[in-house]
Every structure is written in C-alpha cells, then in structure tokens.
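Novice: Handing you a structure now.
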Amino acid sequence: MSEIVYLNGEFLPLEKATVPVLDRGFIFGDGVYEVIPAYSRHAFRLPEHLRRLERSLDGIRLANPMGDADWTRLIHEIIARNQGDDQSIYLQVTRGVAKRDHAFPLNVKPTVFLMSSPLVPPARELVENGVPAITATDFRWLKCNVKSTSLLGNCLLRQAAVDAGATEVVLFRDGYLTEASASNVFVVKNGVLFAPPKNHLVLPGITYDVVLELARTGRVPHEVREIPEQDVRSAEEIWITSSTKEVLAVTTLDGRPVGAGTPGAIFRAVHGLYQDFKRKIMRQAA
Ligand code: PDD
C-alpha cells in the first residue's frame with residue numbers, strides 16, 4: 001500500500017502529490033512545519049503541537065488556515081489512512097503560490113501538506129551506548145523558536161556532524177549553549193539536570209517539556225538557566241531530545257568522552273521514566 005498524503009483538501013498517494021514551482025515554500029522556504037509522533041495511532045501531545053504551530057504561524061505573519069478541531073480531524077485521518085500503529089506525522093503550511101516577490105502576496109491561499117512515515121524508536125544500541133556529537137557555532141537566524149521550513153542552517157550544521165561521523169552537533173551562541181541541529185540539549189553537572197531557557201534562540205521542544213515534567217515528578221534535581229559553553233564541555237552527562245530520537249545520551253563530544261563515556265545514571269533514570277510514560281500513553285490509546 002502506498003503512503004497517503006494530504007495536499008490542499010485532497011488525500012492522495014505520495015507520488016501523485018505535487019506543488020507548483022512558484023510555491024513560496026519552494027522559492028523562499030516561506031513556511032512552517034510540525035513533526036508529531038503518533039503512538040498506537042494516538043497523536044502525542046497534539047494540543048501542544050498545535051499551539052506551537054499557531055505560534056510559528058504568528059511568527060511568520062501567516063493566518064492559521066484551520067482551527068484546532070479541523071487540524072485534529074485531519075491528523076487523525078492521515079494516521080488512519082497509513083500503515084503502522086506508530087507514525088511520525090509531518091505537516092507543513094507555506095504562504096502559497098505567487099509570482100516571485102519577497103513581499104507577501106495578497107489573497108493567496110496557503111499550501112497545506114501532511115504526510116506520515118513510520119516512527120521507529122532509536123535502536124537499543126544507541127540508547128545503551130549513547131551517540132557521538134560535535135560542537136559548532138550557532139550561525140542560524142534569531143527566530144529559532146519559529147519552526148520554519150527554512151532549515152538551511154540546520155542542514156549545513158547536521159551535515160557537518162555526519163561528515164565527522166557524529167549524530168548531532170551541539171551549538172553555542174556567544175559562549176552559551178542553544179540547542180542542536182534537530183534536537184534540544186540538556187546537561188548534567190554536579191548531579192543537577194540543566195536545560196537552557198526557551199527563548200528566540202531555541203525551538204521550544206515538546207520532548208524538552210516532557211523531560212522537564214519527568215524530572216519534576218521523578219524528583220531529579222533540575223534547573224532551567226543559561227548554560228555556558230564551559231559547563232557543557234565539563235558536563236557529567238549531555239542529552240539530546242526530540243520527538244523522533246526521544247532522549248539519547250551524548251557520550252563523546254568532539255571526540256572526547258562525556259563523563260565516563262557511557263550514558264550516565266541520571267540519563268538512565270529519566271530514559272526509564274520516559275519509556276514508562278510512553279507505555280502508559282500507548283495503553284490508554286489502545
Ligand atoms: N525536529 N530543536 C530543533 C532545531 C528541532 O528541529 C527539533 C525537532 C527539536 C526538538 O523538538 P521536539 O521535541 O518537539 O521534536 C529541537 C524535528 C523532529 C524535525 O525537524 O524533524
């Protein structure tokens with residue numbers, strides 16, 4: 001069965017879905033997106049994802065083409081029409097098709113696109129051994145809180161990681177930790193879990209919120225504050241989080257071991273809480 005996508009009011013096979021070359025998503029990267037995990041066909045933290053979508057749309061001055069009830073129906077329809085109980089739902093809204101001009105076009109309908117891909121949790125080996133990361137200067141723009149489809153900076157940074165044989169690239173701006181190319185970053189120092197604050201320099205991750213909630217309920221000492229580069233380089237643990245990676249430990253940074261070079265005790269505790277939490281959601285959805 002081929003993958004079914006949604007494009008501007010129609011459900012159709014992926015290979016039949018096309019957009020005009022003058023779509024501003026193609027010409028300017030003028031759009032926003034979301035990635036929503038679905039467990040047991042249940043969209044995870046959907047209200048939170050829809051709230052972030054709304055804020056991203058506000059951030060690029062594009063009216064939301066649909067209300068939450070319609071988004072919810074559409075997302076569940078895409079989940080129902082595709083195979084696999086666990087899916088990763090990608091949705092994108094662009095400013096639509098118009099003659100090329102940087103200024104916003106008038107009276108143009110936004111392009112709305114949704115697709116599904118299998119949601120495969122990170123391999124056990126990655127969870128048990130952790131992953132390598134490198135570091136780089138965060139040279140992206142100053143609206144990283146907007147989940148924009150303009151991801152050239154993120155792509156260049158991620159490729160630098162791949163070229164170095166690493167999974168992610170941990171980013172610093174003006175001497176402070178921001179995030180990674182496609183994940184949020186946490187560090188553990190002196191037994192305390194630290195997270196950088198949500199501001200215009202980082203994407204407000206849904207998984208970031210879950211991890212902080214689990215730290216709270218699991219009584220893991222934690223604090224949200226600006227994290228100097230030196231604290232990252234001397235951290236006992238470094239974690240990356242995202243909807244698709246869940247929580248992974250970074251065990252080497254720029255080739256040097258992080259802590260003992262294996263996933264730390266606090267990582268193992270919170271990773272366990274995350275898996276329990278996921279199982280609970282899956283049971284409720286089933
Ligand atoms: N990316 N920071 C950046 C730059 C990201 O691209 C992502 C996720 C995150 C984590 O956000 P969340 O926990 O809501 O997934 C942080 C998605 C998965 C992507 O672009 O594919």
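Novice: Of these, Ala166, Ala180, which one is open to solvent by less than 70 Å² (accessible area, probe 1.4 Å), assigned by TED's automatic domain parsing to the domain that holds Gly130 and near the ligand (Cβ under 10 Å from one of its atoms)?
Specialist: Only one candidate qualifies: Ala180.
Novice: Listed residues Val108, Val112; which is open to solvent by less than 90 Å² (accessible area, probe 1.4 Å) and in a strand (DSSP E or B)?
Specialist: Just a single option satisfies the conditions, and that option is Val112.
Novice: Assess whether Ala161 counts as being open to solvent by less than 10 Å² (accessible area, probe 1.4 Å), in contact (Cβ under 8 Å) with a residue 12 or more places away in the chain and out of contact with any Cys (no Cβ under 9 Å at 6 or more places or on another chain).
Specialist: Here the answer is yes, as Ala161 does meet what is asked.
Novice: Sticking with this one: Hey, can you tell me all the residues within segment 183-207 that are more than 13 Å from the ligand (Cβ to nearest atom), in contact with an Asp or Glu (Cβ under 7 Å, 6 or more places away or on another chain) and in a loop (DSSP other than H, G, I, E, B)?
Specialist: Residue satisfying the conditions is Pro197 alone.
Novice: Of these, Arg73, Arg55, which one is in a helix (DSSP H, G or I) and closer than 19 Å to Ala285 by Cβ?
Specialist: Just a single option satisfies the conditions, and that option is Arg73.
Novice: Considering only residues that are within 12 Å of the ligand (Cβ to nearest atom) and either in contact with a Gly (Cβ under 6 Å, 6 or more places away or on another chain) or open to solvent by 20 Å² or more (accessible area, probe 1.4 Å) (or both), which ones fall in segment 9-60?
Specialist: If the condition is that a residue be within 12 Å of the ligand (Cβ to nearest atom) and either in contact with a Gly (Cβ under 6 Å, 6 or more places away or on another chain) or open to solvent by 20 Å² or more (accessible area, probe 1.4 Å) (or both), then Tyr33, Val35, Arg45, Glu48, Arg51 are the ones that fit.
Novice: Next question, about the same structure. Leu74 versus (1) more than 16 Å from the ligand (Cβ to nearest atom); (2) open to solvent by 50 Å² or more (accessible area, probe 1.4 Å); (3) closer than 21 Å to Glu15 by Cα: which is the lone unmet condition?
Specialist: All conditions are met except number (2).
Novice: Identify, please: which residue in segment 76-92 is in contact with a helix residue (DSSP H, G or I) (Cβ under 9 Å, 6 or more places away or on another chain) and part of a strand (DSSP E or B) and is, among those, farthest from Leu7 (Cα to Cα)?
Specialist: Within segment 76-92, the match that is farthest from Leu7 (Cα to Cα) is Gln87.
The values are calculated or read from the model by the stated rules, or taken from the named source; none is laboratory data. Everything quoted here is computed from the prediction, not taken from an experiment. Neighbour counts are summed over all protein chains in view; Cβ atoms, including those assigned to glycine, are modelled from backbone coordinates with ideal geometry. All accessible areas refer to the heavy atoms of the entire protein, side chains included, with ligands and DNA or RNA removed. Shrake-Rupley method; radii C 1.70, N 1.55, O 1.52, S 1.80 Å.
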